[in-house]
Amino acid sequence: MRHILAPLETVGNTGMPMSSANGVTRRVHPIYAAYASDYPEQVLVTCTKSGDCPIGTQNRHGLGELNIPCSPRDISEALDVLEQVDDLSRAEYAQACKAIHLKPIYRPFWENLPYSN
């Protein structure tokens, strides 16, 4: 996925000229806008553990409970930890990921995509 989506890392921010069917050229900013998947693949892509909510901060024990709020994950917090992969030892990186309930993944494909959350 990282290899396929690599061109979007740059043009999503800087833009590129693209011609429409009627010949008019416009500056567009193509982004990766949707990722449709089942639960196991959502867990894999979001670096969360199976049983936990891949979108919010709820753990496996609170899923499905109406009276327990599930706030969205903080993408900047996840990106801050994930970018430390080369600076920390394996044990330190694993501990940092565990602290925010992520699996220690080396460079997820969406890490540098603009507007990915």
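The values are calculated or read from the model by the stated rules, or taken from the named source; none is laboratory data. Quick caveat, the model's predicted, so the values are computed rather than measured. Glycine gets a Cβ as well: all are built from the backbone with ideal geometry, and neighbour counts include every protein chain shown. Protein only, heavy atoms only, side chains kept; ligands, DNA and RNA dropped before computing areas. Shrake-Rupley method; radii C 1.70, N 1.55, O 1.52, S 1.80 Å.
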Scan the stretch 71-117 residue by residue and report those that are under 15 Å from the mean Cα position of the chain (by Cα) and of a type in the set (Gly, Ala, Ser).
Ser76, Ala78, Ser116
Out of the stretch 1-47, which residues are under 16 Å from Ile105 (Cβ atoms), open to solvent by 50 Å² or more (accessible area, probe 1.4 Å) and among the aliphatic types (A, V, I, L, M)?
Met1, Leu44
Would you be able to tell me the number of residues in the stretch 72-93 that are in contact with a Pro (Cβ under 9 Å, 6 or more places away or on another chain) and surrounded by fewer than 13 Cβ atoms within 10 Å (Cβ to Cβ)?
1
Failed condition for Pro108, given (1) at pLDDT 85 or above; (2) of a type outside the set (A, V, I, L, M, F, W, C); (3) open to solvent by 30 Å² or more (accessible area, probe 1.4 Å); (4) closer than 30 Å to Thr14 by Cβ
(3)
Hey, Asp86 hits all of (1) under 16 Å from Thr46 (Cβ atoms); (2) assigned to a loop (DSSP other than H, G, I, E, B) but one; which does it fall short on?
(1)
